[in-house]
Amino acid sequence: MAESFDIVIVGGGHNGLVAATYLARGGRRVLVLEKRSTVGGPVTTEEFVPGFRGPTGASVCGRLRPELLEDLDLAKRGVQFIPAEPEVVAVGDSQVLRIFRNVPKTQAELARFSQKDADTYPRFVEFLSRFAAALDPILAMPPPDLASPSLGELTGLLGRALRFRRLGKHAMQQMLRLPPMAIRDFLNEWFETELLKASYAVDALTGTFEGPWSPGTAFGLVPQFLPDGHGARSAFVRGGLGSLSNALAHAARDAGATIRTDAEVVHIKSADGRVTGVELAGGETIGARAVASNADPKRTFLHLVDPEELSPEFLLHIRNFEMNGVVAKVNFALAGPPNLPAAGDGVPPHFRVCPSLEYIERAYDDAKYGQASGKPVLDVFVPTVVDPDLAPPGMHVMSTQVQYAPYALRRGGWDTEREKLADRVVTILADHIPGFERLVLDRQILTPLDLEARFGLTEGHIYHGEMTLDQSLFLRPVPGWSRYRTPIDGLYLCGSGAHPGGGITGAPGLNAAREILKDWPRRGR
Amino acid sequence: MAQRYDAIVIGGGHNGLVTAAYLARAGKKVVVLERRHVLGGAAVTEELYPGFKFTVCSYVCSLLRPQIIRDLDLPSHGFEVIPQESSFTPLPDGRYLFYHGSEEDTFQAVAKFSRRDAEAMPRFGRLMARMAKFIAPTLTMTPPDVGSLNPSELRKLLALNKQVKTLTEDELYTFARLMTMSAADYLDEWFETDVVKASLCSSGIIGTLLGPRSPGTAYVLMHHYMGEIDGAYRSWGYVRGGMGMVSEAIARAARQFGAETRVNAEVRRILVRNGRAIGVELASGEKLYAKVIASGADPKRTFLKLIEKSELPADFVRGIENFKIEGSSGKVNLALKEAPSFSCLPGNGVHLRGAISLGPSVDYIEKAYDDAKYGDYSHRPYVDMCVPSTLDPTLAPPGKHIMSCFIQYAPYSLRKGTWEERREEFGETVLDTIEEYIPSIRNIILHRQFLSPWDLEQMIGLTGGNIFHGELTPDQLLFLRPTPGWAQYRMPLKGLYLCGSGAHPGGGVMGAPGLNAAREILRDWALLRV
């Protein structure tokens, strides 16, 4: 074998880069191998139309672990978060509702719809914030080892339980009730304003193959209220999300890690149940004592690893791991500002077409039977409002996240469906943005098939697998293998397919690095 | 003149009767007050037409706790189960899935569709039975008060934990997945044949306003296997004389122990003084007093209709208001002049004696659910059908039959019109569906009864027409049923208890809520807390 490293990280996505940094800081020789020419995977900025740079993957940064911001000096490395203001504008058939980061401002807006809801709103935010804060430590640690929890783990768990209890018996019971509920039922207990409920449902359901009526979807709302470093539930990044990935790569290199791009791993080599290294396209092999895969579980175990190294039960579980992505993107290069008169002057940087819970559920119904939604839910981002340099002066980038666009279509295929879906998106947007069609200079369509081909996201799933309760915590990605380790000694998962799942948190990478370092003293040779 | 008792049971449903029987057995002076002219609630047999005994609401028995059957010696009071040993799912194309009796027979039947599925079936059944075995003891446990730091509550939590420890790691994961997955997704992992999956997942949606693709429905799959592990009372079965005989047998046992039962005695309100439930007032104005008032009515009826809101804590009222109790089912009961004949398997065969499902695919059932989500009854409904008279001749004159059809979905809240206006149309839609499989059905009907959720509410007193006294979803089960903090049968007013399906472990003809409530009442009595 050519070179040899302590740890090879397969895939230079944001989690892989975070893992690389902490492993390097832990004194290990780390190599990150990225298939594409740029790092970051779907956390990236690309020139999708000449002169127009936009998000071909994620449009905003979600809840990046606060400790990473400081620890990795991201501000110094050029990361500037720009919160959307208003946070989001929910667009209905004839009305819009602006939701601000500032609670009193949102209350004033809500009062136009319902005074009762305006009065309730702060309690809603407080309840979810407290819940998220109590949950936070659980996301920052590996899931418990159900088989034989260590004494330390048990005390830790007890501590977490007591932390919930300290919120008060009533609050704790309300929190225990929440996870299995449907987001619709949960929101109906608090509010009557349909646009408000629909917008929060979109938050809970983004990237998920469920609808507002589905039990278990209420839980998707809680992580939205996690404390994060940039103080906003979602924020743009100056220069697009590529700036974040570049900064993470910068930090990794500073720590001593090596990053190679245009280096596609085609095989994770192992012998006798132990990892030995990787092989690249072209035949180059690199030895390593450990390999951390930033690829999703299906790609890792069904394409990169030798199947003989895995038991039939494990393989069955991986095959049954629910992926089937439902997100498509349509990026527009616009000749001028896409005004939304109903929302007042100017262009809102983030708005969504979600008139009601029923609208979302019907969009989901279509997908259940293997079709792209006839009337899709649109989550629309206009980064140029806060970051004009992404397009020529006066022009704009509009990035639309479309649900539901199921990877697996029953009739026809994405080749024929892609343009039809994009046309439906344009029709809907034209309803709210005067002259929209004339504004469009060009468009880029990314179906789940395209996301798979471009970023290696199996079945186009943006979170490396459904984040529903049955695939969370000690069940992610597979029962018994939720602590970053895999059946192959020395092989780890460090991406969103591991706890706590997707969203741009960096938590899987951080947790995986800790576990790898924990295991290191026992790693022979 | 006021009547004084030790305990008053509101509602003569099977759970209330169980509570009454156990209290009477312990020497208490008990009276059961039933609004209708007949006891039983939704476990009732009514001779609606001479010679035809309709099992009006519930139609099969399996989950009645063996402990109750033994303690109350129900067989001596006429309780007898006739096993329902087959499952028949006809398909529109003339094929059918039909298995009965032995594992070998089931194998052959499923192998007609897929050998792989035939091989998987016994493994699946064994796993479900293991899960059911784990759940069964929890049915007769009082849920712990989670969040309480009281030592006796922590002991209960430890007991529950001990129960959890009986599972292997694999079984624990399976349980967690069953609680969170949809029946369809879980079955997709085991089987490839749509009709096999459809026939199994229908048990996942009975009585709920959820579809086979709704997360959490996989859990109910194991309930189907609960009966298999209760020893002598194995599979699902018919009760000789209809489900009313369950209630009647329990009532006889209760009377034998000295309990009184009164029909045509509607409780109008619960009498409260100084934060204590002291008695009830009937619709007639008659007042009865007792130390203990146990309500077998559902939580919404009990706390929002029979008691002034001002007497109850505000949080508790809010919790009860949020309690989901939308009914999702209807019933079509038919008196037939002869045995029905399926076009795919004509004649009065063995297949008529067991469970019959008109739900040929998972998508069919899911689409039926979609209609209900948007406030309409299913235009192509799922029908869970049985002809108990094929095994129990006491239900109909010789050669004639009664057919019980449980229908999903029929949502209590309709967007257009009312159930009174649309009941006929609904019933005709059901008959249209049945006609697709039994072409002669309309020609052989002597009498018909269409029951919408609204009718179930009016007739039986089930709020929302919900057959389980509230959805059986995890957010309303165990220590959360009917509302957090009040899951141990004691209610916010001293002396007031909940003993019906609105309490743990929920609905189905189990008798468990009634048993558990009685136990808690007697414990309180012994500790002079009453």
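The values are calculated or read from the model by the stated rules, or taken from the named source; none is laboratory data. Note that the coordinates shown come from a computational prediction; the quantities given were computed from them, not determined experimentally. A quick note on method: Cβ atoms are made from the backbone with ideal geometry, for glycine too, and the neighbour counts reach across all protein chains shown. For the accessible areas, the whole protein counts, side chains as well, though only heavy atoms, and no ligand, DNA or RNA atoms are used. Shrake-Rupley method; radii C 1.70, N 1.55, O 1.52, S 1.80 Å.
In this label model, B:Arg95 and A:Thr261 are separated by 5.4 nm, measuring between points 7 Å along each Cα→Cβ vector.
What FRET efficiency comes out for B:Glu169 versus B:Arg380 if R0 is 45 angstrom and r is the Cβ-Cβ distance? Round to the nearest 0.05. The partial results should precede the final answer.
On the way: r = 43 Å, r/R0 = 0.94.
Efficiency, from the Cβ-Cβ distance: 0.60.
Normalised by the number of residues in chain A, the mean separation of alpha-carbon contacts (under 8 Å, six or more apart) gives a relative contact order of 24 percent.
Taken over the range B:376-426, the convex hull of the Cα atoms encloses 104 Å³ per residue.
Do the sum for chain A: with -39,500 (n - 2.57) for every DSSP H run of n ≥ 4, divided by all residues, what is the mean residue ellipticity at 222 nm, to the nearest 500 deg cm²/dmol? Don't skip to the answer; put the middle values down first.
Working: 15 runs with 175 residues, N = 525.
Calculated at 222 nm, the ellipticity per residue is -10500 deg cm²/dmol.
Each Lys or Arg adds one and each Asp or Glu takes one away; over the other residues whose Cβ falls under 9 Å from the Cβ of A:Ala328, this sums to +1.
What does the structure give for A:172-179 when I average, per residue, the other chain Cβ atoms found within 10 Å of the residue Cβ? Please report the intermediate quantities before stating the final value.
Details: counts 3, 10, 4, 2, 8, 9, 1, 3.
Mean number of neighbouring Cβ atoms from other chains: 5.
Here, chain A yields an orientationally averaged convex hull projection of 23.5 nm² when only Cα atoms define the hull.
Which GluC sites (Glu not before Pro) in the range B:263-319 pass both tests, a DSSP loop state and at most 12 other beta-carbon atoms within 10 Å?
Working: sites: B:Glu266, B:Glu281, B:Glu286, B:Glu308, B:Glu311; in loops: B:Glu266, B:Glu286, B:Glu308.
Passing both the DSSP loop test and the Cβ count: B:Glu308.
The mean count of C-beta atoms from other chains within 10 Å of the C-beta of residues in A:461-471, rounded to a whole number, is 3.
Taking trypsin sites (Lys or Arg not before Pro) across the range A:321-427, the ones in a DSSP loop with at most 13 further Cβ atoms lying within 10 angstrom of their Cβ are A:Arg410, A:Arg411. Filter A:Lys329/B:Lys416; B:Lys197/B:Lys337; A:Lys105/A:Lys169; B:Lys324/B:Lys494; A:Lys169/B:Lys156; B:Lys29/B:Lys287 down to the pairs with a C-alpha to C-alpha distance above 28 Å, please. Cα-Cα > 28 Å for A:Lys329/B:Lys416; B:Lys197/B:Lys337; A:Lys105/A:Lys169; rest within.
At a 1.4 Å probe, what is the % contribution of carbon and sulfur to the accessible area of the protein assembly as shown? Could the numbers behind the result be given before it?
Values: 19230 of 37910 Å².
Heavy-atom surface of the protein assembly as shown belonging to carbon and sulfur, 1.4 Å probe: 51 percent.
Farthest toward the positive end of the dipole of chain B, out of B:Ile69, B:Leu472, B:Gly258, is the Cα of B:Gly258, where the dipole comes from beta carbon charges about the Cα centre. The share of C-alpha pairs in the protein assembly as shown whose separation exceeds 57 Å stands at 17 percent. Restricting the range A:240-308 to trypsin sites (Lys or Arg not before Pro) that sit in a DSSP loop and have at most 16 other Cβ atoms within 10 Å of their own Cβ leaves nothing. The relative contact order of the range A:160-249, computed from alpha carbon pairs under 8 Å that lie at least 6 residues apart in sequence, is 27 percent. With R₀ fixed at 60 Å, the C-beta to C-beta distance from B:Glu321 to A:Ala75 puts the FRET efficiency at about 0.80.
If you take the Cα centroid of the range A:5-20 and the Cα centroid of the range B:283-348, the two points sit 58 Å apart.
Could you give the Stokes-Einstein D for the range A:39-122 in µm² per second, using the C-alpha Kirkwood radius, 25 °C, 0.890 mPa s? Calculated translational D: 153 µm²/s. For the range B:202-303, a simple Cβ point-charge model (Lys and Arg +1, Asp and Glu -1, everything else neutral) yields a dipole of about 360 debye relative to the Cα centre. Computed over the range B:38-84, the Cα gyration tensor eigenvalues convert (square root of 5λ each) into semi-axes of 22, 12, 11 Å, ordered from largest to smallest.
Give me the distance in nm between label points sitting 7 Å out from Cα along the Cα-to-Cβ direction at A:Asp431 and A:His170, one decimal. According to this spin-label approximation, the distance is 4.1 nm.
Sorted into 5 angstrom bins from 0, the C-alpha pair distances of the range A:36-86 split as 4, 15, 19, 27, 20, 10, 3, 1 percent. A convex hull fitted to the Cα coordinates of the range B:25-136 yields 196 cubic angstrom per residue.
Which value in Å does the Kirkwood hydrodynamic radius of the range B:147-227 take, with 1/r averaged over all unlike C-alpha pairs and then inverted?
On the way: mean 1/r = 0.0705 Å⁻¹.
One decimal place: 14.2 Å for the Kirkwood radius.
If only the Cβ of Lys and Arg carry +1 and only the Cβ of Asp and Glu carry -1, the dipole of the protein assembly as shown around its Cα centre is close to 3340 debye.
Compute the projected area of the convex hull of the Cα atoms of chain B, averaged over all viewing directions, and report it in nm² to one decimal place.
Numbers: hull surface 94.0 nm².
Projected area, direction-averaged: 23.5 nm².
The label-point distance for B:Phe107 and A:Asp145, in a model that sets each label 7 Å from Cα toward Cβ, rounds to 4.1 nm.
Note on the range A:1-104: antiparallel DSSP beta bridges, both residues inside, total approximately 60 percent of the bridges counted. Per-residue 3J(HN,Hα) values for the range A:392-401, derived from phi via the Karplus relation 6.51 cos²θ - 1.76 cosθ + 1.60 with θ = phi - 60°, read x, x, x, 9, 9, 10, 10, 10, 10, 9 Hz in sequence order (x marks Gly and Pro).
Using the Cβ-Cβ distance between B:Asn274 and B:Met459 with R0 set to 45 Å, the FRET efficiency works out to roughly 0.80.
Calculated on the Cα set of the range A:435-490, radius of gyration then Dmax: 18.0, 59 Å.
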